[in-house]
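These notes concern the structure reproduced below.
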Amino acid sequence: MLAREFSGEADVRSLFIAAIIFSAFPAGFALAQPAGAPVLDETQTRGRELLNQYCAICHLKPQLGAETYGPPLTQATLGGDAVALRDFIGHGTARMPGFQYAFKPDDLAAVIAYLKTVPAPAPQAH
Ligand code: HEC
């Protein structure tokens with residue numbers, strides 16, 4: 001009876017299905033807090049939401065090993081310089097839209113506050 005309800009095979013199957021559903025939604029993936037991630041304050045949480053909404057498509061990896069269109073964004077991006085970040089994100093480039101009109105100054109500040117919590121990846125061996 002118990003053995004049937006908690007059949008290991010069914011558990012593995014539903015985990016597998018959950019993993020597929022989960023990985024189909026990049027934003028959901030990025031929203032998951034990995035163990036040991038810093039606890040975010042209200043501003044940083046708002047910044048993370050904005051990043052997931054407006055920047056994820058180019059800057060966040062939906063899956064391990066997937067390439068992104070834009071470079072990874074971390075606390076090391078542009079030397080972590082808030083003024084340089086605000087300028088860059090506000091104006092954009094030929095390949096990236098500027099957000100100076102889409103975002104209120106508070107929104108931009110929130111995104112930058114969140115970026116400061118994202119650890120820089122270890123340098124990759126090529
Ligand atoms: C359409 C794709 C796209 C979107 C959307 C986008 N970016 Fe970018 N971003 C890029 C590309 C591509 C680059 C690399 C610079 C270049 O090639 O013009 C870049 C570069 C950057 C850089 C400089 C990185 C570095 O290491 O020099 C920052 C900071 C940045 N983006 C922040 C953001 C933020 C914040 C958002 C959302 C508010 C965003 N981007 C949305 C494509 C995008």
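The values are calculated or read from the model by the stated rules, or taken from the named source; none is laboratory data. All figures in this text were calculated on a predicted structure; none of them were measured in a lab. Positions of Cβ are generated from backbone atoms using ideal geometry, with glycine treated the same way; all protein chains shown enter the neighbour counts.
Here are a few things to note about the model shown:
- Tabulated pairs, segment 69-91, first farther than 13 Å from Val111 by Cβ, second near the ligand (Cβ under 8 Å from one of its atoms) and aromatic (Phe, Trp, Tyr), C-beta under 9 angstrom, 6+ apart or interchain: His91/Phe99
- Among (1) exposed (fewer than 14 other Cβ atoms within 10 Å of the Cβ); (2) modelled with pLDDT of 50 or more, the one test that Ile20 misses: (2)
- Residue check, Ala35 outside any helix (DSSP H, G or I) and at pLDDT below 75: yes
- Count - residues of segment 93-121 that are in contact with a helix residue (DSSP H, G or I) (Cβ under 6 Å, 6 or more places away or on another chain) and within 12 Å of the ligand (Cβ to nearest atom): 10
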